[in-house]
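**Q** Here it is, the structure in full.
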Amino acid sequence: MTWFKRQSGYLDPSGEKKVRTEGLWVKCDNCRQIIWKKDLEENLNVCPKCGRHFRVDAHTRLTQLFDDAQYERFSDKLVSTDPLKFLDLKPYSERLQRAQQETGLNDAVINARGKLNARPIIISAMEYNFIGGSMGAVVGEMITRAIELALESGEPLVIVSASGGARMMEGVLSLMQLAKIAAALARLDEARVPYISVLTDPTTGGVTASFAMLGDLNIAEPGALIGFAGPRVIEQTIRQKLPAGFQRSEFLLEHGMLDAVVHRRELKPYIARALDFMAASRSPKPIEAGLVSN
Ligand SMILES: [Zn+2]
């Protein structure tokens, strides 16, 4: 009887010892450091070495913003009907089905209601993993419904964008959402209900061209790609080389397109402070009252 038996093909000819580390470690694409995934998650998915903000899905985003990670979803039964029966490399209906299976969502946004620092609030968070966070009729309608609920309840609204823009598979129906949402936001503005837009990596195309830039405050995470057209298209159009850092949040802040660039750790307290400030300025005539008593 043999104690050990050598299996043929068992030894790796390269002589390297392979260890299964898949899923445990992540390489930061900015500083190239290897980070333990758990460390990254505990740091809100921000690289502990260099501060690179990794993308987070809509659900994670909502758990980071709401008190005790508790929120209630609404208007999440809407599903795209593939109105144009669109076909590119594969049918749009197939893409939809796949995205639905992978994300567990019906479309690229979650509408949620809950509390942020004890204040009732409505947050719509876009899901980039659902066909690039693109905005078709369902996303447009869900965001409109979130705005309408804010209008009805008077609760402030936050929209967290992460999107490649309008969804080309729904053609003009996607583009119509820009006008529809902008009109709803105008009503919210008239009613003086606060709306804060949070732009995360990436926010581009029709989403930048509509609600992402229409906030009472437009704030972004560090290093986020924000723009309308891609840099190559712009270079070809204006026939000029674009400056370094073009279309990143810091560049946009410097050029007056944003109100603030806020670290993910500071995002929740920042929103809370901003809403406190807005609520104070909405209370009935505080300044006049003060003047009279003096
Ligand atoms: Zn890093």
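**Q** Looking at the square roots a ≥ b ≥ c of the eigenvalues of the Cα gyration tensor of the range 144-279, which shape do they give, rounded for a/c under 1.5, prolate if a/b is larger than b/c, or oblate? Working shown, then result.
**A** Values: a/c = 2.40, a/b = 1.30, b/c = 1.85.
Oblate, because a/c is 1.5 or more while a/b does not exceed b/c.
**Q** With a ≥ b ≥ c the root eigenvalues of the C-alpha gyration tensor of the chain, is it rounded (a/c under 1.5), prolate (a/b larger than b/c) or oblate? Mind dumping the intermediate values first?
**A** Working: a/c = 1.83, a/b = 1.58, b/c = 1.16.
Cα axes put the chain in the prolate bin.
**Q** Arrange 93, 174 by Cβ neighbour counts within 10 Å, fewest through most, would you? Spell out each step's value before the answer.
**A** Details: 93 15, 174 21.
With the fewest neighbours first, 93, 174 line up as 93, 174.
**Q** Something else now. Using per-residue counts of other Cβ atoms within 10 Å, averaged over each peptide, order 113-123, 238-248, 156-166, 207-217 from highest down.
**A** Values: 113-123: 18.0, 238-248: 11.7, 156-166: 25.6, 207-217: 21.8.
The packing order, highest mean first, is 156-166, 207-217, 113-123, 238-248.
**Q** What's the longest uninterrupted piece of the chain once you rule out the GluC sites (Glu not before Pro) that are loop residues per DSSP with at most 16 other Cβ within 10 Å? Before the final figure, lay out each step's value.
**A** Numbers: sites that count: 16, 22.
Answer - 23-294.
**Q** Oh, and also: Amide H to amide H under 5 Å from residue 167: which residues, 5+ apart in sequence or cross-chain, H placed 1.01 Å off N in plane?
**A** Residues meeting the criterion, in which the H sits 1.01 Å from N, are 135, 136.
**Q** Per DSSP helix of 4 or more residues, -39500 (n - 2.57); summed, then divided by the residues of the chain. What does that give at 222 nm, rounded to the nearest 500? Kindly include the intermediate steps, with their values, before the conclusion.
**A** Working: 10 runs with 108 residues, N = 294.
Helix contribution divided over all residues of the chain: -11000 deg cm²/dmol.
**Q** Turning to a different aspect of this structure: Determine ³J(HN,Hα), in whole Hz, for all residues of the range 263-272 in sequence, where each value follows from phi through the Karplus function 6.51 cos²θ - 1.76 cosθ + 1.60 and θ = phi - 60°; x replaces Gly and Pro.
**A** For the range 263-272, the Karplus curve yields 4, 4, 5, 8, 4, 5, x, 5, 4, 4 Hz.
**Q** Counting only DSSP beta bridges with both residues in the chain, tell me the antiparallel percent, nearest 5. If you can, show how the numbers build up before the last one.
**A** Numbers: 17 of 35 bridges.
Close to 50 percent.
**Q** In what sequence do 270, 128 fall when counting other Cβ within 10 Å, fewest first? Before the final figure, lay out each step's value.
**A** Details: 270 17, 128 22.
Fewest-to-most Cβ neighbours within 10 Å comes out as 270, 128.
**Q** Give the order of 35, 143 when sorted by the count of other beta carbons within 10 angstrom, beginning with the fewest.
**A** 35, 143
**Q** Under the 0.36 nm per residue contour assumption, what length would be gained going from the current alpha-carbon distance of residue 260 and residue 78 to full extension? Mind showing how you got there, number by number?
**A** On the way: separation 182, 0.36 × 182 = 65.52 nm, distance 3.34 nm.
The span from residue 260 to residue 78 would gain 62.2 nm if fully extended.
**Q** Continuing with the same structure: I need the fraction of alpha carbon pairs in the range 129-219 separated by more than 15 Å, rounded to a whole percent. Please list the in-between numbers first.
**A** Values: 2187 of 4095 pairs.
Within the range 129-219, distances greater than 15 Å cover 53 percent of Cα pairs.
**Q** A further question follows. For the range 226-235, take each phi angle, set θ = phi - 60°, evaluate the Karplus expression 6.51 cos²θ - 1.76 cosθ + 1.60, and give the result in whole Hz per residue in order, putting x for glycine and proline.
**A** Residue by residue, the range 226-235 yields 9, x, 9, 8, x, x, 5, 4, 5, 4 Hz.
**Q** Report, by chain and number, residues whose modeled amide H sits under 5 Å from the one on residue 128, excluding near sequence neighbours (fewer than 5 apart, same chain).
**A** So residue 128 has HN proximity to 58.
**Q** In sequence order, what are the phi-derived ³J(HN,Hα) couplings for the range 45-61 according to the Karplus relation 6.51 cos²θ - 1.76 cosθ + 1.60 with θ = phi - 60°, rounded to whole Hz, with x for glycine and proline?
**A** Values, residue by residue: 6, 10, 4, x, 8, 10, x, 4, 8, 6, 5, 10, 6, 4, 5, 4, 4 Hz.
**Q** Sticking with this structure for a sec: Order 193-201, 59-67, 24-32 from most to least packed using the mean count of other Cβ atoms within 10 Å.
**A** Details: 193-201: 24.2, 59-67: 18.9, 24-32: 12.3.
Final packing ranking: 193-201, 59-67, 24-32.
**Q** Sort the range 155-207 into rounded, prolate or oblate with this rule: let a ≥ b ≥ c be the square roots of the eigenvalues of the Cα gyration tensor; rounded if a/c is under 1.5, and if a/c is not under 1.5, prolate when a/b is larger than b/c, oblate otherwise. Walk me through the numbers before you get to the answer.
**A** Details: a/c = 3.65, a/b = 1.42, b/c = 2.58.
Oblate, because a/c is 1.5 or more while a/b does not exceed b/c.
Quick note: the coordinates plus some simple rules give every number you see, no bench work behind them. These numbers were taken from a predicted model, which means no experiment stands behind them. As a convention, Cβ positions derive from the backbone with ideal geometry for all residues, glycine included, and neighbour counts pool all protein chains shown.
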